[in-house]
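Trainee: Provided herewith is a single structure, encoded as structure tokens, for subsequent inquiry.
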Amino acid sequence: MPKRTLQGVVVSDKQDKTIVVRVDRRFTHPIYKKTVRRSKNYHAHDENNQFKAGDTVWIEESKPLSKLKRWTVVQSDKKTA
């Protein structure tokens, strides 16, 4: 089974070897038929502390690395704010 990959924006890089990535998703509300935006934060492993807030990154599922980290950074579309 392939690992899931998600694209998101780095919102925090204050922790050592960890970044927080906000992933936005859009879907149609089942009753109101309006497009709704939802976002969720994921803690991802950043081995070299190379990503900064505002960067767009791809994250991939991995084994549990800590209490909150279950994702690792795969690649980046560098867009530093």
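Bear in mind these aren't lab numbers, they're just calculated from the coordinates by the rules spelled out. From a predicted model like this one, the values you see are computed outputs, not experimental measurements. No Cβ is skipped: glycine too gets one built from the backbone with ideal geometry, and neighbour counts run over all protein chains shown.
Trainee: Give the percent of DSSP beta bridges with both residues in the chain that are antiparallel, rounded to the nearest 5.
Mentor: 95 percent
Trainee: Also, quick follow-up: What list of ³J(HN,Hα) couplings, whole Hz, do you get for the stretch 58-75 from phi and the Karplus terms 6.51, -1.76, 1.60, once you set θ to phi - 60° and write x for glycine and proline?
Mentor: 9, 10, 10, 4, 8, 5, x, 9, 7, 4, 10, 8, 10, 9, 10, 7, 9, 8
Trainee: Once you put a point 7 Å from the Cα of SER12 and another 7 Å from the Cα of ASN49, both along the Cβ direction, what distance in nm separates them?
Mentor: 1.7 nm
Trainee: Through the Karplus equation 6.51 cos²θ - 1.76 cosθ + 1.60, θ set to phi - 60°, convert the phi angles of the stretch 24-30 into ³J(HN,Hα) values in whole Hz; use x for Gly and Pro.
Mentor: 9, 9, 10, 8, 8, 5, x
Trainee: Give the Rg (one decimal place) followed by the Dmax (whole number) of the stretch 2-43, computed from C-alpha coordinates and expressed in Å.
Mentor: When restricted to the Cα atoms of the stretch 2-43, Rg and Dmax are 13.7, 43 Å.
Trainee: Still on this model: Taking H placed 1.01 Å from N in the peptide plane, check which residues at least 5 places from ASP46 or on another chain put their amide H under 5 Å from its amide H.
Mentor: Amide H neighbours of ASP46: THR18, ILE19.
Trainee: Just from the alpha-carbon atoms, what are the Rg and Dmax of the chain in angstroms?
Mentor: Using the Cα atoms of the chain, the pair Rg, Dmax is 13.9, 45 Å.
Trainee: Same structure again: About its Cα centre, what dipole magnitude does the chain give when the only charges are +1 on Lys and Arg Cβ and -1 on Asp and Glu Cβ, stated in debye to the nearest 20? Don't skip to the end; give the middle numbers.
Mentor: Values: 19 positive and 9 negative charges, 111 e Å.
Approximately 540 debye in magnitude.
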